[in-house]
Structures are given as C-alpha cells and as structure tokens.
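A.B. asks: I'd like to ask some things about the structure below.
Please treat every number below as a calculation from the coordinates, not as lab data. From a predicted model like this one, the values you see are computed outputs, not experimental measurements. Glycine gets a Cβ as well: all are built from the backbone with ideal geometry, and neighbour counts include every protein chain shown.
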Amino acid sequence: ILDSMRGRMIAESNHLMMSGIREFENKFVNANRIIIVACGTSWHAGLVAEYLIEDLARIPVEVEYASEFRYRNPILNEKDIVIAISQSGETADTLAAIELAKSKGATIFGICNVVGSSIARATDAGAYTHAGPEIGVASTKAFTAQVTVLTLIAMIIGSKRGTLETTKLHELMVELETIPSKVEEALQLNDQIIKIAEQYKDVANCIYLGRGYNFPVALEGALKLKEISYIHAEGYPAAEMKHGPIALIDEQMPVVVIATKDSSYEKVVSNVQEVKARKGKVIAIVTEGDTTIPAMADHVIEIPETSEHLMPLLSVIPLQLLSYHIAVMRGCNVDQPRNLAKSVTV
Ligand code: F1P
C-alpha cells in the first residue's frame, strides 16, 4: 500500500483527464442538476465533489449510493447529468445505476481507473484517473485521483459558467500544482503515525469527525479502518455529534478529528472541547503551525496548508496511513481483507 501511495501521480494524468472533461463541457455547463452515483470510497469522493461543484460551479448536486439508487424510481430527465465513479469500473451496483439513469434520458459521465472497463464502456463520456493499479482491495490512491478529476470538473465548469472568478481559478490551479509535493510531505508522517497506531491498535471502536470538505474524509478514514483492520469505526459530520454519537464518548473512545484551518475551524475547536470534556482521546489532523487544537488534543498530526477546496487530497493521507499501520499491527492482510472483493460484481 505504501508503495502504491507513493506512486500517486496527480499531475501526470491531468492532460488526459482534461480532454475527457473538455469534450463534455457544454453538457455540464447547461446541466440542471448533477447526480453522482458510486459505492464505498468512490461514493466518498462523490461527496467531496458535492461541496466542490456546488461551491465553484453553483449546480445542484445529489450524491447517491449506487446500491440503493438502482432499486429506486428516481426522477431524472435529459437535462440531468449522472457522474458514475468507480475505481475498478466493474462494480455491479454502479453499472445498474447507470443503466437506470440512461433509461430515464440522463447523460452519463464516468470516472474510472481501469481503461476499457464495463462502466467506462457504458457511459456517454468520461475521464480516466490513470492512477495505476490499486494493489490492495481497499481504494487509496484511487480516492485522491478521483477527487482530483472532480476538482478539475468543478473548476472548468465554474469558470465557464462565470461562477468561479478568474483570479480564484488561477489561485486554485497554482495550488493544485503544489499538491503532489505536499502529498509527499504528508507521507513523511509515517513514523509519527506508527507511534500513534501502536497505542490504538487494540481499540474496539473509533469515531472520525470532520466538517465541510473534511466531512467526507472522516467517512473515508472510518471506512479504511473498518475495511482493513476490522475495527468498528464511524465517521460523522462534527456538528452531528451532539445529535447522538456524543453518547458514545468516554475515556476509551479514540476520536480522530480532522481540524485543518478552514472556514469551519472555530466550530471544530468547540467539537474538540466537547470530546475532551467527556475524556475522549483526540487524534487531531491539523494544519502546520496550528497551536489552538494541539493544546487540547492527545495526539497531533500536522499536514501542509492548502486551500480548503483541495484539503481532502492531503487530509486523507494520515488517515490511510493510520489504518494501514493499525491493520498490520493486528496481523491483518491489508491487501486482501476478509470478505472484500476488488470488484463487487454481484
Ligand atoms: C467500490 C468499493 C471500494 C472498496 C472495495 C469494494 O469499488 O466499495 O471503494 O474499497 O474495493 O468496492 P469501485 O466501484 O470504486 O471499484
């Protein structure tokens, strides 16, 4: 997994991805609504896209589990675009969701990693992520590659629709170019994360919290821990904690909080205080140089600063590493977790 994570080549495939998006540009610009269908990690990438597309391109977005959407009777028409996201391109639920959406007249744009896969062939247009093969069953670099394509879509459409100012577009493009080196920096956290993993490898449960762009990352962090270490983990929007999950917090409960400096930072500070008041153990992912949350947290993992729009590309990495090391320490097979298939084709 570590080798494949180091192999992320976000910038490398930009050119190919852009050509797929460009061909489909007018459809996106004139879309009434975008519906994203996917499963698992790909669904989490879709949730990040909901924030990106609504923020930058001002098109309403719905993100649906393909496994549920395929059995509904959804209301769709020709002005809707369905984005289907799949690492393998073979997930049966996503394929069935595409067929359903097509039958209702929607146009389908695919984001797949595997060239020539069934989903890629079933779509009207699309972009390959070219992230290279996922060595393990659990998606890791596929997530960052999918989010990168979705970021480009949101930027291109936003700029065409006039909802994203040229200066902001330029700023984001410049920042996007810095992401591969910041990913490398985040991977240097490995040794520090091993030490944290040693302390938490035997826990029974774990909670992940995040707000805004980091909320889907909290879900993804929890999924990675479940998938490869078999520890029960749940991700929540941090503000949702007070509506129920807070009852779970005591001195036994590790709470991973993604608390990077962004527009919801002050509110996340309050959430960390709420967890500490109940003696929960806080593992905080913070922006380099932050001092407020480190003063409250039990463990601090600093990641490089970036725009909040791009933060999921960095904030997910320590969570992937944490799951990986916990799983290895528990003797789990991280490449082939029990009960999981690389492509869920039934
Ligand atoms: C979806 C998915 C993965 C997960 C596991 C099972 O696959 O849920 O996210 O890690 O491999 O399948 P895909 O449609 O993105 O290939």
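A.B. asks: Would you list V255, V37 from fewest to most Cβ contacts within 10 Å?
C.D. replies: V255, V37
A.B. asks: Next up: Once phi is turned into θ = phi - 60°, what whole-Hz ³J(HN,Hα) does the Karplus curve with 6.51, -1.76 and 1.60 give for every residue of the range 241-246, x standing for Gly and Pro?
C.D. replies: Using θ = phi - 60°, the values come out as 3, 5, 8, x, x, 4 Hz.
A.B. asks: Hey, can you rank 198-205, 126-133, 317-324 by average C-beta count inside 10 Å, highest first?
C.D. replies: Per-residue mean Cβ counts within 10 Å order the peptides as 317-324, 126-133, 198-205.
A.B. asks: Determine ³J(HN,Hα), in whole Hz, for all residues of the range 27-34 in sequence, where each value follows from phi through the Karplus function 6.51 cos²θ - 1.76 cosθ + 1.60 and θ = phi - 60°; x replaces Gly and Pro.
C.D. replies: 4, 5, 4, 9, 5, 6, 7, 10
A.B. asks: Can you give me the Kirkwood hydrodynamic radius for the chain, using every pair of distinct Cα atoms, in Å to one decimal?
C.D. replies: 20.2
A.B. asks: Let me ask something else. As an exercise, use a Förster radius of 30 Å and the Cβ-Cβ distance of N77 and E175 to find the FRET efficiency, rounded to the nearest 0.05.
C.D. replies: After rounding to 0.05, the efficiency reads 0.25.
A.B. asks: I'd like to compare 240-248, 108-116, 326-334: which one has the highest average count of other Cβ atoms within 10 Å, and what's the full order after that?
C.D. replies: Output ranking for 240-248, 108-116, 326-334: 108-116, 326-334, 240-248.
A.B. asks: Under 5 Å between amide hydrogens, which residues at least 5 positions from A84 or on another chain qualify, with H placed 1.01 Å from N in the peptide plane?
C.D. replies: V37, F109, G110, I111
A.B. asks: Points 7 angstrom from Cα along the Cβ direction at K168 and T291: gap in nanometres?
C.D. replies: 3.2
A.B. asks: Take the Cβ-Cβ distance between E185 and K160 as r, set R0 to 30 Å, and report the resulting FRET efficiency rounded to the nearest 0.05.
C.D. replies: 0.35
A.B. asks: Relative contact order (percent) for the range 252-346, with alpha-carbon contacts under 8 angstrom and 6 or more residues of separation?
C.D. replies: 22
A.B. asks: Let me ask something else. Give the peptides 291-301, 155-165 in descending order of average Cβ contacts within 10 Å, highest first.
C.D. replies: Top to bottom by mean Cβ count within 10 Å: 155-165, 291-301.
A.B. asks: Go through the range 87-101 residue by residue and turn each phi into a ³J(HN,Hα) via Karplus (6.51, -1.76, 1.60, θ = phi - 60°); whole Hz please, and just put x for glycine and proline.
C.D. replies: Taking θ as phi minus 60°, the curve returns 5, 6, x, 10, 5, 4, 4, 5, 4, 5, 5, 5, 4, 5, 4 Hz for the range 87-101.
A.B. asks: Which cross-chain or sequence-distant (5 or more) residues have an amide H under 5 Å from the amide H of E62, H modelled 1.01 Å from N in plane?
C.D. replies: Those qualifying (amide H under 5 Å, at least 5 residues apart or on another chain) are I34, I35, I36.
A.B. asks: Continuing with this model, one more query. Based on DSSP H runs of at least 4 residues, each adding -39500 (n - 2.57), what is the mean residue ellipticity at 222 nm of the chain after dividing by all its residues, to the nearest 500 deg cm²/dmol?
C.D. replies: Only helices count here, giving -14000 deg cm²/dmol.
A.B. asks: Using only alpha carbon pairs under 8 Å that are at least six residues apart, calculate the relative contact order of the chain and give it in whole percent.
C.D. replies: Taking the mean separation of contacting Cα pairs over the length of the chain, I get 18 percent.
A.B. asks: Using amide H atoms built in the peptide plane, which far-off residues or other-chain residues are under 5 Å from V334 H to H?
C.D. replies: none
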